[in-house]
Amino acid sequence: MPQRPLVVESEAGRLEVRFLRGRDRRLLVLRERATRIEPRRLESLRLTRRQAEVLAFVAQGKANGEIASLLGISPNTVARHVEAIFGALGVQTRTAAAAAAFAHPTA
């Protein structure tokens, strides 16, 4: 029976530790996943500082209204930033934009 993994969460990421046991071998699997991106690292994607901030929140799964509250701007302004981000990244969805942010080598 597989054991449940040990999961350690922090603000910046998640570490999952699994111990797998076979008949003649044992394996320890570590899987690290970032859950937060520093906005300044996204500016190299040809984004403005504000667009990088918005993309970092989009990558965390936050909605436009929530991003607007966090940044002290209107939801319409967030929507305009999101559209500009899509254009800069050549994507059409928030999921694709988030994937691009996490795939960015300096993120």
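Among the criteria (1) surrounded by fewer than 18 Cβ atoms within 10 Å (Cβ to Cβ); (2) over 13 Å from residue 104 (Cβ atoms); (3) in contact with a helix residue (DSSP H, G or I) (Cβ under 7 Å, 6 or more places away or on another chain), the one residue 69 does not fulfil is (3). The sole residue among 96, 56, 63 that is small (Gly, Ala, Ser) and either surrounded by 14 or more Cβ atoms within 10 Å (Cβ to Cβ) or within 30 Å of residue 6 (Cβ to Cβ) (or both) is 56. Of everything in region 1-56, what is of a type in the set (S, T, N, Q), modelled with pLDDT under 85 and under 18 Å from the mean Cα position of the chain (by Cα)? Give them in sequence order. Within region 1-56, 10, 35 meet the criteria. When 36, 49 are checked against the criterion of being free of Cβ contacts under 8 Å to residues at least 40 places away in the same chain, within 14 Å of residue 84 (Cα to Cα), surrounded by fewer than 21 Cβ atoms within 10 Å (Cβ to Cβ) and not aromatic (Phe, Trp, Tyr), 49 stands alone in meeting it.
The values are calculated or read from the model by the stated rules, or taken from the named source; none is laboratory data. These numbers were taken from a predicted model, which means no experiment stands behind them. Cβ sites come from the backbone with ideal geometry, for glycine too, and all protein chains shown count toward neighbours.
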